[in-house]
Amino acid sequence: MSKKSGQKDSSKIWGVFSLVAALAAATAARKALNTSWKAATGKEPPANPASPDVDMREALAWAAVSGTIVAVARMLATRRAAQYYARSTGHLPPGVADDA
């Protein structure tokens, strides 16, 4: 197997691995967020914040909170996956590099 073929395989493995980690994190974050929203407001989170039937403040709050929480969960999961990948292979995954 050539080095280029190994890099392609590594890239595919990383792509699947990071996707699964990000989706799992987003799903868990969304479930926790829905539960927290209901506990904090006493209402179900808006199913469609874009609907004119949803109060604008509620729609904005939901969009801001859910977007932030899901994005942070996905970023943390991807970072954890990259650390695991690096420990397993001895190098960072394709497309992930230090900013330095």
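FYI, it's all coordinate maths here, none of it is from the lab. Because the structure is a prediction, the values reported are computed rather than measured. Here Cβ is always computed from backbone atoms with ideal geometry, including for glycine, and neighbour counts include all displayed protein chains.
Remarks
- Residues in the stretch 42-71 that are touching a residue at least 12 places away in the same chain (Cβ under 8 Å) and among the β-branched types (Val, Ile, Thr) were compared, and the one that is farthest from ALA26 (Cα to Cα) is VAL65.
- Only one of the listed residues (SER66, SER88) is closer than 25 Å to LEU19 by Cβ, part of a helix (DSSP H, G or I) and touching a Lys or Arg at 6+ places or on another chain (Cβ under 8 Å). That residue is SER66.
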